[in-house]
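Here the structure is laid out as C-alpha cells; the discussion comes afterwards.
The values are calculated or read from the model by the stated rules, or taken from the named source; none is laboratory data. Everything numeric here is computed off the predicted structure, so don't read it as measured data. We place every Cβ from the backbone using ideal geometry, glycine too, and count neighbours over all the protein chains shown. For accessibility, only protein heavy atoms count, side chains too; no ligands or nucleic acids. Shrake-Rupley method; radii C 1.70, N 1.55, O 1.52, S 1.80 Å.
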Amino acid sequence: GGFATGCGGSSVPSDAVATVGGASVTKADFQQLLTQAQAQMKASGMTMPAKGSATYDHYVAQIVDYLIQEKVVAQSAKQLEVSVTDKEVNDQIAQIEKAYGGEKKVLSLLKQQGMTMELLKRSIRNQSLAQRAAAVVTKKASVSDAQIQAYWKAHKAQYLKKKKTNTLAKAKATIKQTLLSANQQQLWNAWLSAREKALGVAYAAGYDPAQLTASPSASASSSGG
C-alpha cells in the first residue's frame with residue numbers, strides 16, 4: 001500500500017498516537033513517558049509547561065520521536081542482525097541494584113521518577129538494542145585528515161585558548177572524535193529516515209513531531225475564524 005503519512009490519522013487506531021510499519025505506538029506508552037517527564041521535572045523543582053504551549057508541544061514531539069525510533073529499531077533488528085537477550089537486561093538490572101544498594105532502593109528511586117521496574121527493563125532493552133543497531137549502521141563512519149585540518153582552521157581560535165589543544169597535533173584526537181560523532185549521527189539520522197519511509201509511519205492528529213515543532217505562529221493563526 002501507499003504511504004498514509006500526514007493524511008490526518010485515518011489509518012491510526014484510536015488508542016494510538018502513531019503507527020510504524022502497521023504496529024501501534026500506543027497512547028498508554030505515550031502517557032507513561034509524559035508522566036515520567038513530569039515526575040522528573042517535579043523532582044528537579046521545575047513545572048511541566050502548560051498544555052498547548054510551544055514548550056509543551058516540544059516535549060510531546062520528543063516523546064513521540066523516541067517511541068517511533070524504538071519501534072523502527074525493533075522492527076529493523078532482524079535486518080541488522082542485532083538482538084538483546086532477557087539475560088543481558090537482567091544482568092544490567094542486577095548491576096544497578098548492586099550500585100544503589102538493593103532492589104528496594106531502586107524501586108523507591110524509580111517511583112520518584114514516575115518509573116516502574118518493567119519500564120526500566122524496557123528502557124534498558126531499547127537502549128542496548130539502539131546502541132547495537134547504531135554500531136552496525138555507523139560502522140562506515142570515517143574522518144579524513146583534510147576534514148580535520150579544515151575543522152582546525154575554522155575553529156582555531158577556540159583551540160588556541162587551551163594549552164591542551166593549542167597545536168593541531170595536540171587537538172587532532174579531540175577534533176577527530178568530534179567529527180566522527182557528527183558523522184555517526186548523520187548516518188544514524190539518515191538510516192532512521194530511510195527506515196521510517198520503508199516501514200511507513202503515520203501520526204494521529206496532534207502528534208506529528210514535524211507539526212508540533214513547526215513555528216508556533218502557524219498553529220496560533222489556524223485557530224479562530
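Kindly provide the set of residues from the range 104-156 that are outside any helix (DSSP H, G or I) and under 30 Å from Met46 (Cα atoms), ordered by number. Show your work before the answer.
The first filter runs over the range 104-156 and keeps only residues outside any helix (DSSP H, G or I), leaving 113-116, 138-144.
Correct list: Gln113, Gly114, Met115, Thr116.
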>> Against the condition open to solvent by 100 Å² or more (accessible area, probe 1.4 Å), at pLDDT 95 or above and in a helix (DSSP H, G or I), how does Gln79 come out, does it pass?
In response: yes
> Looking at the range 154-186, which of the residues that are closer than 25 Å to Lys139 by Cβ, open to solvent by less than 60 Å² (accessible area, probe 1.4 Å) and aliphatic (A, V, I, L, M) is farthest from the chain's Cα centre (by Cα)?
Replying inline: Ile175
> Which condition breaks for Ile93 when tested against (1) of a type in the set (Val, Ile, Thr); (2) buried (at least 17 other Cβ atoms within 10 Å of the Cβ); (3) not in a loop (DSSP other than H, G, I, E, B)?
Replying inline: (2)
> For the range 22-43, how many residues are open to solvent by 40 Å² or more (accessible area, probe 1.4 Å) and either at positive phi or among the aliphatic types (A, V, I, L, M) (or both)?
Replying inline: 3
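So is Met46 part of a loop (DSSP other than H, G, I, E, B), of a type in the set (A, V, I, L, M, F, W, C), modelled with pLDDT under 95 and open to solvent by 30 Å² or more (accessible area, probe 1.4 Å) or not? Talk me through it step by step, then tell me what you get.
Details: part of a loop (DSSP other than H, G, I, E, B): yes; of a type in the set (A, V, I, L, M, F, W, C): yes; modelled with pLDDT under 95: yes; open to solvent by 30 Å² or more (accessible area, probe 1.4 Å): yes.
Spelling it out, Met46 is indeed part of a loop (DSSP other than H, G, I, E, B), of a type in the set (A, V, I, L, M, F, W, C), modelled with pLDDT under 95 and open to solvent by 30 Å² or more (accessible area, probe 1.4 Å).
Go over the candidates Val17, Val72 one by one and state the one that is touching a residue at least 60 places away in the same chain (Cβ under 8 Å), open to solvent by less than 70 Å² (accessible area, probe 1.4 Å) and assigned to a strand (DSSP E or B).
Numbers: Val72 fails: assigned to a strand (DSSP E or B).
Going through Val17, Val72 in turn, just one is touching a residue at least 60 places away in the same chain (Cβ under 8 Å), open to solvent by less than 70 Å² (accessible area, probe 1.4 Å) and assigned to a strand (DSSP E or B): Val17.
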> Counting just the residues of the range 196-214 that are assigned to a loop (DSSP other than H, G, I, E, B) and hydrophobic (A, V, I, L, M, F, W, C), which one comes out least open to solvent (accessible area, probe 1.4 Å)?
Replying inline: Ala204
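Every residue, every condition in (1) of a type in the set (Asp, Glu); (2) modelled with pLDDT of 95 or more, yes or no:
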position	(1), (2)
Met115	no, no
Arg125	no, yes
Ala134	no, yes
Lys139	no, yes
Asp145	yes, yes
Lys163	no, no
Lys172	no, yes
Asn183	no, yes
> Identify, please: which residue in the range 117-130 is without any contact (Cβ under 8 Å) to a residue 60 or more places away in the chain and surrounded by 17 or more Cβ atoms within 10 Å (Cβ to Cβ) and is, among those, farthest from Asn189 (Cα to Cα)?
Replying inline: Leu120
> So which of Ala133, Ala61 ends up being in contact with a Pro (Cβ under 8 Å, 6 or more places away or on another chain), in contact (Cβ under 8 Å) with a residue 60 or more places away in the chain and either surrounded by 13 or more Cβ atoms within 10 Å (Cβ to Cβ) or under 26 Å from Gly206 (Cβ atoms) (or both)?
Replying inline: Ala61
